[in-house]
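The structure appears right after this line, and notes come after that.
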Amino acid sequence: MKKGEIFSALVLFLFGAATVILSSKMEIGTFRKAGTGMFPFFLGILLMVLSGSLLLKIFFKNKKAPNDDESEIEAPEAKKQLVLFLCALVLTALFFDKLGYPLTSFLLMLSLLRILGIKQWGINILISAVAAAGSYFLFVQVLNIPMPKGWIGI
Amino acid sequence: MGGWMFESLQHLINGFAVAGTIQNLSYCLLGAFVGTVIGVLPGIGPIAGIALLIPATYGLNATSAIIMLSGIYYGAMYGGSTTSILLNVPGETASVITCIDGYRMAQKGRAGQALAICAIGSFIAGTIAIFGLVFLAPPLADAALAFGPPEFFSLMVLGFIVLSNVTGKSLLKSLMMAVFGLIIGTIGLDPVAGDARFTYGSVSLLSGIEFVAVAIGLFGIGEILTNVSQPSELLDQKVIKPRLRELYPSLQDLKKSIGAIIRGTGIGFGVGLVPGPAPVIATYASYMTERKISKHPEEFGKGAIEGVAGPESANNAACQAAFIPLFVLGIPFAPPTAILLGALLIHGVSPGPLMIGQHPELFWGVVASMYIGNLILLVLNLPLVPLFANILRIPKRILLPLVILFCITGMFTVNNSIFDIWMILLFGVLGFLMRKWAYEGAPLLLALVLGPKLETAFRQSLMISRGDFGVFINRPISMVFLLATVIFLVFPIFKALFKKIRQGQISGA
């Protein structure tokens, strides 16, 4: 928890700094006639101040109670599950256009159900097919929303 | 004095005529039903739910769209209570309190009565609250006409500080999320001058970060990823099955609850008008009140029906009261109303003090449909409770992938853009990390939606005053808001200091 806090505060601090640098390249203008860059410029400074304060707060809390160890009990299988889950989602985004909606949704359901522990392929394929067909029917046929067709052409 | 009241009642009757058309009735019904299902489903709550269904309203006119989306809003609240009672899992943050006594009642075999009193309490609260709206909205709108850019700016700042104070454990972290949200809100076109900012040639970024993507990502995908990261034993849950004939509270139950309901309505309505996550505060305040004034405080925590009736009524009253700042000021104070604001803007309606006068059929139509929605929830959803209970019994392993599919599909329908899907994945991961490291998503979302307004108000104020920052302090209303902001900022520091002094005294002595 603490490593995460420090990391996040640092990232936000750097994000604020980046905002300041990038917005200073835009027209800041004066207070009388604010330019495009003024608002993000001050927001960036504010974010740096806030995240800096958080870092200081963590630092001082750490000094007072260095034995305060909040180690996380994370099951490694759960972590693996999460990573696989994310990979499936990323692959879906990558191939959404190319494979077309019905096929992608079928494959997505198939992989997610498997990752979450549905081991019997029969049930898996059945649920995935019903879900993919159902949502295709609902969105493309009933609601008339255009979905990617992919090289299959559906 | 009665002049505008009579006019308001007239408008309300017209509103019922608008809301009562077969078309709008069906949208209300659809919204309430879908909302309840969403509230019942794990991994998706009212925020992501409303956001997902905005594209479904593209073909509708503004009034019908908001009627349906509002239906989803309180439908989801009702669905959230259902999971609290049957599963001891809050469907969304405002139902946490309902878990306490509601689940106990369910364990004692009184699930039906608990669910019934939720619906009845919400209905009564809604009926009373609607009169509050009728009488308060027009004069508040008139008062808000005196608001200029400095007042709007100060009020929004106050809203952010209150929201950050009340949400989550760390004011500092919530403020950081708010500023982060404001910064990413600047991506796209400058609201005042129209220049492109931080887009670096990307066409997708020209229209800014889609708030629907952030909502679905943070609150939908993020929630699911958190679910997935937990060990698999937690994925399966035990559901209590309510018996249909139990869905009627006894006269004694009603007698016990009516006081709690009335009190809850009052508390909820008052809290709903104030910036902040009103439903959550309202339920908490109502529960504490009921416990304090009860003649049998020991019953609380063991299945006291007042502990369910009061908070649920407060919740509903707060949700309705939250529509007042949304429509009258155009400033939402909590994420669900922020999403509704986004939806209104998409439909070309800009809420604000003039809106009630210029688009009375929209405001009063929505107000009337809120009442109808409450009625629908009472009459229709209660018998459907076994259906919802069965939805809950579908294993999470199957439900979660379905919800993901729904999220990705729904997101795509907004802009037909793969870029948005990448956005929900990105914000999904962000939402997961935020939950892990205790950062709150509500300030971020609110900041994203309000950012352009805040900036416009800021720059306009300075233009009016020709660069003089005193404009925020010299105007009395604005100064009041800023003073309140300072108090809310300084209060936690004093509280912490006070606690340390007291601890020092105890351990020192």
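In table form, for the structure just shown:
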quantity	calculated
Spatial separation of Cα centroids for region B:145-175 and region A:74-133, in angstrom	41 Å
Shielding of A:77-88 by partner chains, average beta-carbon count, 10 Å	4
Neighbour-count order for A:M147, B:M177, fewest beta carbons within 10 angstrom listed first	A:M147, B:M177
Label-point separation in nm, B:I394 to B:K108, each point 7 Å along Cα→Cβ	3.3 nm
Given charges at beta-carbon only (K, R positive; D, E negative), |dipole| of the protein assembly as shown in Debye	1420 debye
Chain lengthening between B:A146 and B:V379 when straightened (0.36 nm per residue, less Cα-Cα)	79.7 nm
Shielding score for A:113-120, defined as the mean number of other chain Cβ atoms within 10 Å	4
Sites A:V90 and A:F7 - FRET efficiency at Förster radius 22 Å, r taken between beta-carbons, to 0.05	0.50
Highest-first arrangement of B:94-106, B:213-225, A:34-46, where packing means the average Cβ count within 10 Å	B:213-225, B:94-106, A:34-46
Cα→Cβ-extended label distance, 7 Å offset, between B:M5 and B:S250, nm	4.1 nm
Value of relative contact order over region A:76-142, rounded to a whole percent, pairs C-alpha under 8 Å and six or more apart	33 percent
Likely footprinting exposure, A:I115, B:I72, fewest C-beta neighbours within 10 Å first	A:I115, B:I72
Highest-first arrangement of B:482-493, B:423-434, B:136-147, where packing means the average Cβ count within 10 Å	B:423-434, B:136-147, B:482-493
Cross-link pairs B:K173/B:K396; B:K302/B:K495; A:K80/A:K149; B:K396/B:K436; B:K108/B:K295 - those with Cα-Cα distance over 23 Å	B:K173/B:K396; B:K302/B:K495; A:K80/A:K149
Distance from region B:471-503 to region A:1-30 (C-alpha centre basis), Å	26 Å
With Cα atoms, 0 to 90° folded angle of helix B:396-415 axis to chain B main axis	30 degrees
Other protein chain Cβ atoms within 10 Å, averaged over every residue that makes up B:169-176	4
FRET efficiency for A:I21 and B:L206, using Cβ-Cβ distance with R0 set to 25 Å, rounded to 0.05	0.70
C-alpha long axis of helix B:476-508 to longest principal axis of chain B, angle in °	60 degrees
Chain A: relative contact order in percent, alpha carbon pairs under 8 Å with at least 6 residues between	19 percent
Global geometry of chain B, whether rounded, prolate or oblate, following the gyration tensor of its Cα atoms and the 1.5 cut on a/c	rounded
Folded to 0 to 90 degrees: helix B:171-185 orientation relative to chain B principal axis, Cα	60 degrees
For region B:311-364: relative contact order, % (alpha-carbon pairs under 8 angstrom, 6 or more apart)	31 percent
Förster radius 35 Å - calculated FRET efficiency between A:V83 and B:K495 (Cβ-Cβ, nearest 0.05)	0.30
Positive minus negative residues near B:S313 (Lys, Arg vs Asp, Glu; Cβ under 15 Å)	-3
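Only the coordinates and a few stated rules stand behind these numbers; no lab work does. The structure presented is a predicted model; accordingly, all values stated were derived computationally and were not measured. Because the Cβ atoms are built from the backbone with ideal geometry, glycine has one as well, and the counts that use them run over all protein chains shown.
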